[in-house]
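As structure tokens, the structure follows; a few thoughts come after it.
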Amino acid sequence: MEDQRETKNSQYILLDDRRVIRLLAKLSLPAMIGLLVNTLYTMVDMLFVGQAVGPTGLAALGISMGGYLILTATALMMGIGGASLVSRQLGAGEKEEAERTAFVSVGGMLLISVTLGVMGLLFFPQLASMLGSDAETYPLVRSYLGVLLAGSPLITLSTVLNALLRSQGKVKASMVASIIGNGCNILLDFLLIIVLDWGVMGAAVATVVGQSSSALFAFCILSSRRSAFSIRKGEGDPFFQLFGRIASLGSPTLVRQLGTSVVTIVVNRSLLLYGDTLAIAAYGVIWTLLMFFNMPISGIVQGFQPIVGYHAGARRNEEVIRVLKASLLVTFLIGCFFLLLVTLFPGVFLRLFTKDEQLLERAVPAARLLLASLPFLGMQSVGTAFFQAIGKALPALVLWIGRQFVLLIPLILLLGNYLGAKGIYLAFPIADFLSALFILYLVFRHLKQGSYSTT
């Protein structure tokens with residue numbers, strides 16, 4: 001029996017390493033590889049659609065992204081919220097509680113995704129209109145987003161299960177799940193979009209099938225003896241009470257993603273007002289590039305959060321401070337590097353998606369403006385993940401509300417009214433700079449107070 005306990009403890013002993021900078025690199029690099037595969041899927045999706053369908057197809061994907069982000073927002077809420085709680089429960093030696101948390105995370109996500117999928121399909125015309133679709137783009141938006149809504153339980157389940165793998169330090173397994181799922185996406189994109197000429201619907205089918213394969217692999221790992229815990233109903237807090245706790249911890253991520261969805265909707269509708277479908281297509285391509293450049297930053301944040309959660313749960317405050325400061329510095333430098341690249345060579349990246357000269361003429365100056373946000377994205381992500389990892393949901397929530405709803409959206413509307421499309425793009429770096437300053441203030445004020453309660 002003692003040997004069995006030792007075997008189980010060894011599954012998450014990696015997080016017990018006090019050499020947190022080395023541990024950060026060890027956890028972040030596999031996460032970056034998995035995210036790279038995921039980001040490449042998005043880029044290839046846009047690339048194939050841009051080549052096979054053209055600017056209208058790119059615009060349809062950009063418009064649909066506002067709805068897709070709503071699905072991913074709820075998945076990240078349950079995944080990150082559940083993973084944050086599980087990491088701290090493992091750090092405190094509460095294995096049975098961790099298993100109950102995993103069960104509620106998965107069950108709660110399935111309830112949410114089925115509800116959203118059914119409601120979205122029932123009221124699709126109203127949804128498409130809200131997202132910014134017009135008569136030209138509506139048929140393609142329905143072909144793409146309709147399939148994603150129908151497959152929403154499978155798409156969201158993949159996100160939650162992979163978060164549960166990372167919660168116990170199994171970032172390599174999570175990376176393999178991402179490679180399997182998104183590798184399948186890329187292959188199916190080529191087959192369905194290029195070979196079979198399914199257009200945007202082929203891209204959506206590839207997404208659902210790919211994420212299903214990722215979810216299946218992650219579930220197999222979590223159900224095996226290789227996992228530090230299993231997904232079990234068990235005994236403990238009532239389902240909806242624990243569901244509320246998980247949702248509370250994941251609420252900053254929910255607000256962040258919903259804010260991104262709202263921003264996407266506001267930008268698309270504003271660009272349609274001041275421009276046309278071509279302007280929406282340009283934004284969709286630039287947004288995809290932003291996700292690619294943000295990939296290593298997100299990888300560091302994914303490696304950072306379980307380290308902070310575990311060491312905070314074990315009351316190791318010095319390790320928490322060291323890994324926080326290192327993560328802030330590295331993500332800032334990465335953002336500066338990519339900003340330099342896109343400033344000097346914007347056309348190199350944009351031509352991957354389209355050869356349409358009119359679209360490139362719109363996209364090049366817009367990319368230089370919008371992607372000036374890159375140095376500040378890491379500060380926001382690390383700061384929010386820090387508060388989530390130590391169980392402080394309210395400060396993390398305030399941070400993202402400030403960025404998305406208090407700064408960015410009002411600036412988009414204000415500057416867009418005076419400067420048109422240029423003002424819309426300029427709103428992004430201004431909002432991100434101000435938000436980064438506020439986040440740094442809150443984080444270092446918390447460090448000065450020296451409180452790391454995880455209850």
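The values are calculated or read from the model by the stated rules, or taken from the named source; none is laboratory data. Everything numeric in this text was worked out from a predicted model, so none of it was measured. No Cβ is skipped: glycine too gets one built from the backbone with ideal geometry, and neighbour counts run over all protein chains shown. The accessibility values were calculated without ligands, DNA or RNA, using every heavy atom of the protein model including side chains. Shrake-Rupley method; radii C 1.70, N 1.55, O 1.52, S 1.80 Å.
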| query | Among the residues of the range 171-191, is there at least one that is under 24 Å from MET119 (Cα atoms) and not small (Gly, Ala, Ser)? | reply | no
| Taking the condition assigned to a helix (DSSP H, G or I), of a type in the set (D, E, K, R), more than 30 Å from VAL205 (Cα to Cα) and at pLDDT 70 or above, does ARG5 pass? | no
| task | Kindly check whether there is at least one residue in the range 259-278 that is under 24 Å from VAL398 (Cβ atoms), of a type in the set (A, V, I, L, M), touching a Gly at 6+ places or on another chain (Cβ under 6 Å) and surrounded by fewer than 21 Cβ atoms within 10 Å (Cβ to Cβ). | result | yes
| If we keep just the residues of the range 283-302 that are under 14 Å from the mean Cα position of the chain (by Cα) and small (Gly, Ala, Ser), which is nearest to ARG22 (Cα to Cα)? | GLY299
| message | Exactly one of these conditions fails for GLN404: (1) more than 14 Å from PHE438 (Cα to Cα); (2) touching a residue at least 24 places away in the same chain (Cβ under 8 Å); (3) touching a Gly at 6+ places or on another chain (Cβ under 6 Å). Give me its number. | response | (1)
| said: Condition first: of a type outside the set (Phe, Trp, Tyr) and open to solvent by 40 Å² or more (accessible area, probe 1.4 Å). Now tell me which residues in the range 126-142 satisfy that. | reply: GLN126, SER129, MET130, ASP134, ALA135, GLU136, PRO139, LEU140, ARG142
| remark: Going through (1) open to solvent by 10 Å² or more (accessible area, probe 1.4 Å); (2) under 26 Å from ARG351 (Cα atoms); (3) among the hydrophobic types (A, V, I, L, M, F, W, C) one by one, ALA282 fails only at (1)
| request: Return the pairs, sorted by first residue and then second, in which the second residue is open to solvent by 50 Å² or more (accessible area, probe 1.4 Å) and of a type outside the set (Val, Ile, Thr), the first residue lies in the range 183-198 and is under 19 Å from SER214 (Cα atoms) and touching a residue at least 40 places away in the same chain (Cβ under 8 Å), the beta carbons are less than 9 Å apart, and the residues are 6+ apart or on different chains. | output: ASN185/ASN38; ILE186/LEU40; ASP189/LEU47
| query | Which fully enclosed helices (runs of 4 or more DSSP H) of the range 292-383 have 1 or more residues being surrounded by fewer than 17 Cβ atoms within 10 Å (Cβ to Cβ)? | reply | 317-344, 346-350, 357-370
| remark: Those residues of the range 152-176 which are over 20 Å from ARG232 (Cβ atoms) and either free of Cβ contacts under 8 Å to residues at least 12 places away in the same chain or touching a Pro at 6+ places or on another chain (Cβ under 7 Å) (or both) amount to VAL171, LYS172, MET175
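Conditions (1) open to solvent by 10 Å² or more (accessible area, probe 1.4 Å); (2) outside any helix (DSSP H, G or I); (3) modelled with pLDDT under 95, marked per residue:
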residue: ALA73; (1), (2), (3): no, no, yes
residue: ALA83; (1), (2), (3): yes, no, yes
residue: THR115; (1), (2), (3): yes, no, no
residue: MET119; (1), (2), (3): yes, no, no
| message | For the range 197-236, give me each residue that is more than 20 Å from MET65 (Cβ to Cβ), open to solvent by less than 40 Å² (accessible area, probe 1.4 Å) and among the hydrophobic types (A, V, I, L, M, F, W, C). | response | ALA215, ALA218, ILE221, LEU222, ALA228, PHE229
